[in-house]
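> After the structure tokens below, expect a handful of questions from me.
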Amino acid sequence: MHYYSTRKQDYKVGAAEAILQGPAPGGGLFVPSVQAEPFKLETLPAGHYRQIAATVFEKFRGDYSREDISQAIDAAYSDTGFAHPDITPLKKLEDGQHVLELYHGPTGAFKDIALQILPHLLTIAASKSGDSKEIVILAATSGDTGKAALEGFRDVKGTGIVVYFPEKGVSSVQEIQMTTQEGNNVTVAAVRGNFDHTQAGVKEIFNDAGIKSKLNGAGYRLSSANSINWGRLMPQIVYYFKAYRTLLDDGIIIPGEAVNFAVPTGNFGNILAGFYARQLGLPVNRLICASNRNNVLSDFINSGNYDSRRKLFNSLSPSMDILVSSNLERLLFEISGRDSELINTWMNELSTEGRYQIDSATLGKVQELFWSDYTGDEETLKVIADTYRDRGYLMDPHTAVGKNVLDRYLAVEKDRHQSIILSTASPFKFTKTTIKALFGQNAYRNLNELELIRVLAGKTGTRSPACLAGLDQKPILHRQVIEPADMPGHLLELLNPG
Ligand SMILES: *Cc1c(COP(=O)(O)O)cnc(C)c1O
């Protein structure tokens, strides 16, 4: 097997090269050459998450050897890295509805699932290509990704990681998570500015040929852990199979019975993994795409018109505050019969005009599988409160967006299939919002976020994740604050290429 570029189908690379490159040259994204398959029970081994991962990765591994993959899986999904032995436990919420908890990794958000294994896939790929340079991951973060990348790459041989975050642009829990980061190959610095300034600084470094050649000369290869890398998408396919296996084992479904997945969506990575799971034969009835008030995607799925020309709102589900969902390009490529010419047309329109409209045949295919709607902040708070009151289950605001859109879907379509809501973050990662939902606007206003973690645990009798609860005891290890203009200089000084 090999990997195509969505915008240049005759450009093919192996799996390791696709993961090493990240985006394809000329702006496309890599997609696997796998063919759609019918359901086979053999793709669902009983047993640990790691066994299901090995079976799923087998379809995509290409030039990675089976040993490479199993070594990466063992390193990523160990019982010490994840706080739950099932890695992604499935919990029953109510009749016909289940929650797949994806947040038991080291940072409390679902990005851990991909970022725990990506460093291993990358270093194996580099050694295959004969490149002995140290991989330096450079990232600008508005919160969750930076911390998950730091935990994934810390102390991984042959790699280093540098994360810049906006001094006033992350929550205090997120800031402390990053400034207390341990590891002998990690650097964290705050940037005086907002996320746009920070991101612009990182882009400038990536686009500077002079910096690149200096670093190459000194034995470094700059890379990114961005969510458009195939190596971040592939690991997410696994938990769709794992959830299905759990429902089978619990006798809730019979082999081959189709289920729905409801996914709180931002960059369209998580839900696209569900699409690929279905391509591999997983019996998926509907993929329910849940947006927040930044409802570009739900407008698109309902109309075929992707229009990013609108104001970005800061919502209570910040990890979904996004106007351009990059991974949608992969879905359109697959659904249009891998027509790279069409993809070029639409993506060029998106970059020049901020919008594109797909044809009605393609839209029909999208709507056969996807259903979408959105949830505003007021409703998000109400869902958190109602679900806790009625079911005794505490969920984070992103998950609440998913639950609300699923309820609407089930009511509108009168669908009786079992449904699985993907829970993307621990409720303790967004304590301000969960506390506000449960106890009202004015409760505990004088407490900081770390104190709120304790309040939420005490009041709900829920254990807070160890990775968040212990934060106030950890020493601050990274105190540097730099100007946006000094970012290239900071990096060069750090790596000291002379
Ligand atoms: C990143 C993230 C999302 C969005 O996932 P996509 O793959 O970008 O659609 C949703 N919830 C949380 C908590 C996240 O961190």
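> Rounded, prolate or oblate: which fits region 55-154 when a ≥ b ≥ c are the square roots of the eigenvalues of the alpha-carbon gyration tensor, with rounded for a/c under 1.5 and prolate only if a/b beats b/c?
oblate
> Please identify the GluC sites (Glu not before Pro) of region 112-221 that satisfy two criteria: DSSP loop assignment and at most 15 other Cβ atoms within 10 Å. Which are they?
Counting only loop positions with at most 15 other Cβ atoms within 10 Å, the GluC sites (Glu not before Pro) in region 112-221 are Glu182.
> Would you mind getting the accessible area per residue of the chain, heavy atoms of the protein chains only, 1.4 Å probe, in Å²?
About 39 Å² of surface per residue is accessible.
> Next question, about the same structure. Mind checking the full-extension length gain between Lys12 and Thr352? Use 0.36 nm per residue of separation minus the Cα-Cα distance, one decimal, nm.
Working it through step by step, the gained length comes to 119.7 nm.
> Sticking with this one: Based on the alpha-carbon gyration tensor of region 19-60 and its eigenvalue square roots a ≥ b ≥ c, which shape applies: rounded if a/c is under 1.5, prolate if not and a/b is larger than b/c, or oblate?
Note, shape of region 19-60 comes out oblate.
> To check you understand DSSP bridge types, tell me what percent of the beta bridges within the chain (both residues inside) are antiparallel, rounded to 5.
30 percent
> Let me ask another. Fully extended, how many nm does the chain gain between Ala46 and Ser129 (0.36 nm per residue separation, minus their Cα-Cα distance)?
Here the answer is 26.4 nm.
> Mind giving me the nanometre distance, one decimal, between the label points for Lys214 and Asn226, set 7 Å out from Cα along Cα→Cβ?
2.2 nm
> Okay, next question. So, with a 1.4 angstrom probe, what is the percent of accessible area on the chain that is carbon and sulfur?
Solvent-exposed carbon and sulfur of the chain make up 47 percent of the total.
> Can you pull a Stokes-Einstein diffusion coefficient for region 226-362 at 37 °C (0.692 mPa s), Rh from Kirkwood over Cα pairs, as a whole number of µm²/s?
It diffuses with D of about 204 µm²/s by this estimate.
> Would you mind giving the three semi-axes, in whole Å and largest first, of the ellipsoid equivalent to the chain according to its Cα gyration tensor?
Ellipsoid half-lengths, sorted descending, are 31, 29, 23 Å.
> Based on Cβ point charges of +1 for Lys and Arg and -1 for Asp and Glu, what charge dipole magnitude is obtained for the chain about its Cα centre, in debye rounded to the nearest 20?
In total the dipole reaches around 380 debye.
> Let a ≥ b ≥ c be the square roots of the eigenvalues of the Cα gyration tensor of region 278-347; is it rounded (a/c under 1.5), or, if not, prolate (a/b larger than b/c) or oblate?
Taking the square roots of the gyration eigenvalues as a ≥ b ≥ c, region 278-347 is oblate.
> Now, a different point. Going 7 Å from the Cα of Asp486 in the Cα-to-Cβ direction, what parts of region 167-190 have a backbone nitrogen less than 15 Å from that spot?
Correct set: 167, 188-190.
> Oh, and also: What is the calculated FRET efficiency for Asn305 to Ile254, with r their C-beta to C-beta distance and R₀ = 41 Å, to the nearest 0.05?
The value I calculate is 0.55.
> Computed over the Cα atoms, what is the radius of gyration of region 110-198 divided by 2.2 N^0.38 Å, N being its residue count?
With N residues counted in region 110-198, Rg over 2.2 N^0.38 Å equals 1.11.
> Restricting to DSSP loop positions (anything but H, G, I, E, B) with no more than 12 other Cβ atoms inside 10 Å of their own Cβ, which trypsin sites (Lys or Arg not before Pro) remain in region 1-70?
When the trypsin sites (Lys or Arg not before Pro) of region 1-70 are filtered for loop state and at most 12 Cβ neighbours within 10 Å, Lys40 remain.
> Assuming a strict under-26 Å limit between Cα atoms, what lysine pair count do you get for region 406-498 once near-sequence pairs (fewer than 8 apart, same chain) are dropped?
Eligible lysine pairs with Cα atoms under 26 Å apart amount to 6.
The values are calculated or read from the model by the stated rules, or taken from the named source; none is laboratory data. It should be emphasised that the depicted structure is a prediction, and the values quoted were computed from it without experimental measurement. Reconstructed Cβ throughout: ideal geometry from the backbone, glycine too, with neighbour counts over all protein chains shown. In case anyone asks, the SASA skips ligands and DNA or RNA and just uses the protein heavy atoms, side chains included. Shrake-Rupley method; radii C 1.70, N 1.55, O 1.52, S 1.80 Å.
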